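The values are calculated or read from the model by the stated rules, or taken from the named source; none is laboratory data. Computed from a predicted structure; not experimentally measured. Note: ideal-geometry Cβ built from the backbone for every residue, glycine included; neighbour counts use all protein chains shown. SASA here: full protein model, heavy atoms, side chains in, ligands and nucleic acids out. Shrake-Rupley method; radii C 1.70, N 1.55, O 1.52, S 1.80 Å.
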Amino acid sequence: MRTIEEHAEAVAGLVARVFEGLSTETLSVDSRLLARGDSSTRRRVLAADVVAPIDLPPFDNSQMDGYAVRSRELADGPRALTIGRRIPAGVAPPPLEAGTAAPIMTGAPIPDGADAVVQIEVADPPRFLPEGEHGDVVLPHAPAGQFVRTAGSDVRRNDLLFAAGTVLGPAHWGVLASAGVAAVDVVAQPRVAVVSTGSELRVEASPASAPALRPASGQAPASAPAPASALAAAEIHDANAASLSVALTDLGARVEVFQVPDAVDALLALLVGFATADGPAFDLVVTTGGVSAGAYEVVREALEPRGIEFGSVAMQPGGPQGWGTLPVGEASLPVVCFPGNPVSALISFQAFLRVPLAAGARRALPRRDATAVLAEGADSPPGKHQLRRARLDAAGLVHFVGGPSSHLLHQYAQATVLAHIPVGVGRVEAGDEVVVWALDD
Ligand code: AMP
Ligand code: MG
């Protein structure tokens, strides 16, 4: 049996290959597209250097509401100047006439001839005259350059704006928009095929035409809602495709889901069909189900003869695991096979895929080396590393949520941490300290 760490290393190696092979794609900087909140703009990684096409700011402009002046006219201290034409933001001003001070607003261009701004608060009078009214204003000494934001003071044209590898956050997008960059090349998102196996899984009709999000009726249901579709005898709804899709897309993957019955031919046909003229349609395949000791272990039967390794990891839930690369066309496609029980599948994601995927996508993850004290005891199979669903109470004590059975996904959903009971430990008691992984995702 492999340890969790050994298997995590094997899967991390596969995932690293995924990121080495990623192509690039071009993302528009159009704010109307960014405003859609499309996850494809979240924390994307630049694939190429971006050079500034213009200066930022593009022109000298005022940092204050005040008066644009010639500083040397105020060299000898306070002096009355004739109030000139107002300069609002967005207006290209005429040159500043000698002996005048032009009311200027923040962000408005500094007129030719002016080289400083005196803020309105220190002018006499300390407020702007009504539009069209003529008069004088007494202004104090102003050094050259005062409150002038010079062209290129943030970024110079042809400067490197951002280097390849930069992770794009909100400020980066703001800079790209400010600089008038139309589009940037970013590292493509890993394309992940989630393949649920099991003849018991209800095959859901494609939602292609129905939007995932639509206005709610606003009425609280009086009783249980009608199920999405009625289950035939012995059928169950597919939990893993949903849970893994959300877990994977949260880490920046582009996911497509597939369902296959427990038929080797069907699974192989699906995977072989991933071959396209441009290589595999996916960068990673994650299967669930069909890897343990039953009579219809479709994933194992289909993939073991084709080079995918199957083995037991000393953990519970999630013991049976598969990993390797599958020849698809000319290429070899990384494949990770999780067991089908919904808790096993999701804990397998937590233990094996989450960290390497986040690392590849350059996303910081919360630290996971916390320990906490148990509020209650529990038994654990000494040969297995147990990952028990649990909640922390207000005092930080660990309470187990439900039993260790790996079909109890609803109990997983109530949990806030996974508590570790390592190999070699058959029993933990209240007061014992255990490692806990926060279920942030
Ligand atoms: P398997 O790993 O295929 O032996 O499946 C183990 C258990 O998980 C069985 O009870 C399956 O019905 C269940 N199961 C497998 N795949 C899924 C799925 N996608 N959603 C919900 N339950 C599943
Ligand atoms: Mg199965």
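How about segment 86-189: which strands (runs of 3 or more DSSP E) wholly inside it have at least 3 residues that are farther than 17 Å from Q63 by Cα and open to solvent by less than 50 Å² (accessible area, probe 1.4 Å)?
183-187
For segment 142-156, enumerate the residues that are over 19 Å from V122 (Cβ atoms) and hydrophobic (A, V, I, L, M, F, W, C).
A151, V155
Considering only segment 308-328, how many residues are within 16 Å of ligand 2 (Cβ to nearest atom) and either closer than 18 Å to K384 by Cβ or not in a strand (DSSP E or B) (or both)?
To start, the set of residues in segment 308-328 that are within 16 Å of ligand 2 (Cβ to nearest atom) comprises 310, 317-322.
Add one more test, that the residue is either closer than 18 Å to K384 by Cβ or not in a strand (DSSP E or B) (or both), and what stays is 310, 317-321.
Summing the residues that are within 16 Å of ligand 2 (Cβ to nearest atom) and either closer than 18 Å to K384 by Cβ or not in a strand (DSSP E or B) (or both) in segment 308-328 gives 6.
Would you pick out the residues in segment 264-275 that are within 16 Å of ligand 2 (Cβ to nearest atom) and open to solvent by less than 20 Å² (accessible area, probe 1.4 Å)?
Passing the criteria: only L267.
Given (1) more than 15 Å from ligand 2 (Cβ to nearest atom); (2) of a type in the set (A, V, I, L, M); (3) under 23 Å from V18 (Cα atoms); (4) buried (at least 20 other Cβ atoms within 10 Å of the Cβ), where does A331 come up short, assuming only one miss?
It is condition (4) that A331 fails.
Looking at (1) without any contact (Cβ under 8 Å) to a residue 12 or more places away in the chain; (2) at positive phi, which is the one condition that is false for A171?
Status for A171: all satisfied but (2).
From the list V11, V45, which one is open to solvent by less than 40 Å² (accessible area, probe 1.4 Å) and touching a Phe, Trp or Tyr at 6+ places or on another chain (Cβ under 9 Å)? Give the derivation first.
Values: V45 fails: touching a Phe, Trp or Tyr at 6+ places or on another chain (Cβ under 9 Å).
Among V11, V45, only V11 is open to solvent by less than 40 Å² (accessible area, probe 1.4 Å) and touching a Phe, Trp or Tyr at 6+ places or on another chain (Cβ under 9 Å).
Restricting segment 236-260 to residues that are open to solvent by 50 Å² or more (accessible area, probe 1.4 Å) and within 11 Å of ligand 1 (Cβ to nearest atom), which is farthest from the chain's Cα centre (by Cα)?
Our first condition is that a residue be open to solvent by 50 Å² or more (accessible area, probe 1.4 Å); within segment 236-260, this holds for 236-237, 242, 246, 249-250, 254, 256-257, 259.
Still in the list and also within 11 Å of ligand 1 (Cβ to nearest atom): 236-237, 242, 257, 259.
Working: I236: 31, H237: 28, A242: 18, V257: 20, Q259: 26 Å.
Here the residue is I236.
Considering only residues that are open to solvent by 20 Å² or more (accessible area, probe 1.4 Å) and within 16 Å of ligand 2 (Cβ to nearest atom), look in segment 298-307 and name the one that is farthest from L333 (Cα to Cα). Spell out how you get there, then give the answer.
Residues of segment 298-307 open to solvent by 20 Å² or more (accessible area, probe 1.4 Å): 300-301, 304-307.
After this cut, where a residue has to be within 16 Å of ligand 2 (Cβ to nearest atom) as well, the list is 300-301, 304.
On the way: R300: 16, E301: 18, E304: 14 Å.
Ranking the qualifying residues of segment 298-307, first place goes to E301.
Answer yes if at least one residue in segment 276-288 is over 30 Å from P381 (Cα atoms), surrounded by fewer than 16 Cβ atoms within 10 Å (Cβ to Cβ), acidic (D, E) and away from ligand 1 (no atom under 16 Å from the Cβ), and no otherwise.
So far as segment 276-288 goes, yes, one or more of its residues are over 30 Å from P381 (Cα atoms), surrounded by fewer than 16 Cβ atoms within 10 Å (Cβ to Cβ), acidic (D, E) and away from ligand 1 (no atom under 16 Å from the Cβ).
Does at least one position in segment 170-188 carry a residue that is at pLDDT 95 or above, among the charged types (D, E, K, R) and under 30 Å from A263 (Cβ atoms)?
Checking segment 170-188: not a single residue is at pLDDT 95 or above, among the charged types (D, E, K, R) and under 30 Å from A263 (Cβ atoms).
Mind listing whichever residues of segment 316-338 are at pLDDT 95 or above and within 16 Å of ligand 1 (Cβ to nearest atom)?
P320, Q321, G322, W323, V335, V336, C337, F338 - these are the residues of segment 316-338 that are at pLDDT 95 or above and within 16 Å of ligand 1 (Cβ to nearest atom).
For segment 407-438, name all the residues that are outside any strand (DSSP E or B) and either more than 17 Å from P317 (Cβ to Cβ) or more than 16 Å from ligand 1 (Cβ to nearest atom) (or both). Spell out how you get there, then give the answer.
Step one: of segment 407-438, the residues outside any strand (DSSP E or B) are 407-416, 422-426, 429-432.
The answer is Q414, A415, T416, P422, V423, G424, V425, G426, E429, A430, G431, D432.
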